[in-house]
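Undergrad: Dumping the structure here so I can ask a few things about it.
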Amino acid sequence: MSTPSSLKRPRRPENPHAMWRELCWVDHTLAVSGDLPSNREQALEQLRMWEASGITDVFDMREERDDSDFIHENSRIECHWFGVDDNGGVRDDQWFKAIRDRAHELFICSNTPRRILVHCHMGVNRGPSALFAIMLTLGWDALEALRRIRDVRPIAGIIYAPDAMRWWARELQYDDEAVEEKVNEVDAWLGRNELDLAYVIRSIGQRTAW
């Protein structure tokens, strides 16, 4: 699913629950989505879909759950866990650095092509923000990365993107003024492209039983 960047994005995307576990590709190597269902048979079905889509690695951002054993026992997909709480607080530099290091190890050092799925529970905050950090390290312009994520996944809040931008600007050894300028650009984009997160989370939350 792709929406031209020139179109105004809705604050309340239609049927967020329908996109919850949809694979949303920002390019041919990186996707973002929600997690596996808690029901084993449904989880196996979704895992088969991930394999059929060419996913080789899963980056899981959930502190509250870790599906690594299930995935390794039932597929050839490698699972990498970077669990943090989705509490709206500041994400520290070490979280982004660990994600960057593993992604680069897979993309640069692997002998086989990799396709990474980044996810959290709903694919709204932690997963898209971690994906944004990976995209920055791969050379994406910050605002273009934000546009791309929201275009393919209209329910992505990306609320930790300013933290990712601050970390990456410091990694690039920007001075303090330049760091804050880049973070302000990200904040301003999120403000111009406001998403009703309460509506999105409520819509998905009504379906969390499966």
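The values are calculated or read from the model by the stated rules, or taken from the named source; none is laboratory data. Keep in mind that this is a model prediction, so the values were computed, not measured. Using ideal geometry, Cβ is built from the backbone for each residue, glycine included, and neighbour counts are taken over all protein chains shown. Areas reflect the complete protein model, heavy atoms only, side chains present, ligands, DNA and RNA absent. Shrake-Rupley method; radii C 1.70, N 1.55, O 1.52, S 1.80 Å.
Undergrad: If I filter the range 187-207 for residues that are open to solvent by 60 Å² or more (accessible area, probe 1.4 Å), in contact (Cβ under 8 Å) with a residue 60 or more places away in the chain and in contact with a Phe, Trp or Tyr (Cβ under 7 Å, 6 or more places away or on another chain), do I get at least one hit?
TA: Yes: the range 187-207 contains one or more residues that are open to solvent by 60 Å² or more (accessible area, probe 1.4 Å), in contact (Cβ under 8 Å) with a residue 60 or more places away in the chain and in contact with a Phe, Trp or Tyr (Cβ under 7 Å, 6 or more places away or on another chain).
Undergrad: List every residue pair whose Cβ atoms sit under 6 Å apart, with the two residues 6 or more apart in sequence or on different chains, where the first one lies in the range 6-19 and is modelled with pLDDT of 85 or more and the second, anywhere, is among the hydrophobic types (A, V, I, L, M, F, W, C) and assigned to a helix (DSSP H, G or I).
TA: From the range 6-19, the pairs are Pro16/Val200; Pro16/Ile204; His17/Ile204.
Undergrad: Go through Ile108, Ile99 for me and flag whichever is modelled with pLDDT under 95, among the β-branched types (Val, Ile, Thr) and either more than 17 Å from Asp27 (Cβ to Cβ) or assigned to a helix (DSSP H, G or I) (or both).
TA: Just one listed residue meets the conditions, Ile108.
Undergrad: A further question on this structure: Within the range 117-143, can you find the residues that are surrounded by fewer than 24 Cβ atoms within 10 Å (Cβ to Cβ) and of a type in the set (D, E, K, R)?
TA: Asp141
Undergrad: Out of the range 171-186, which residues are surrounded by 14 or more Cβ atoms within 10 Å (Cβ to Cβ) and under 19 Å from Ala130 (Cα atoms)?
TA: Correct list: Glu171, Val179, Lys182, Val183, Glu185, Val186.
Undergrad: Could you pull out the residue among Arg153, Arg148, Arg114 that is touching a residue at least 40 places away in the same chain (Cβ under 8 Å), closer than 23 Å to Glu22 by Cβ and open to solvent by less than 10 Å² (accessible area, probe 1.4 Å)?
TA: Among Arg153, Arg148, Arg114, only Arg153 is touching a residue at least 40 places away in the same chain (Cβ under 8 Å), closer than 23 Å to Glu22 by Cβ and open to solvent by less than 10 Å² (accessible area, probe 1.4 Å).
Undergrad: Looking only at residues that are small (Gly, Ala, Ser) and outside any loop (DSSP other than H, G, I, E, B) in the range 32-85, which one is surrounded by the fewest Cβ atoms within 10 Å (Cβ to Cβ)?
TA: That would be Ala52.
Undergrad: Let me ask something else about it. Hey, does the range 78-94 have a residue that's touching a Pro at 6+ places or on another chain (Cβ under 9 Å) and at positive phi?
TA: No, the conditions are met nowhere in the range 78-94.
Undergrad: Applying the selection to the range 111-139, what residues are over 10 Å from the mean Cα position of the chain (by Cα) and either under 19 Å from Ser53 (Cα atoms) or of a type in the set (Phe, Trp, Tyr) (or both)?
TA: Residues satisfying the conditions are Thr112, Pro113, Arg114, Arg115, Ile116.
Undergrad: Which residue pairs have Cβ atoms closer than 8 Å, lie 6 or more positions apart in sequence or on different chains, and pair a first residue in the range 37-61 that is over 20 Å from Arg115 (Cβ atoms) with a second residue that is of a type in the set (Lys, Arg) and surrounded by 15 or more Cβ atoms within 10 Å (Cβ to Cβ)?
TA: Between residues of the range 37-61 that are over 20 Å from Arg115 (Cβ atoms) and residues that are of a type in the set (Lys, Arg) and surrounded by 15 or more Cβ atoms within 10 Å (Cβ to Cβ), the close pairs are Pro37/Arg21.
Undergrad: Now, a different point. Among what's in the range 65-95 and is small (Gly, Ala, Ser) and in contact (Cβ under 8 Å) with a residue 24 or more places away in the chain, pick the residue that is nearest to Glu51 (Cα to Cα).
TA: Ser75
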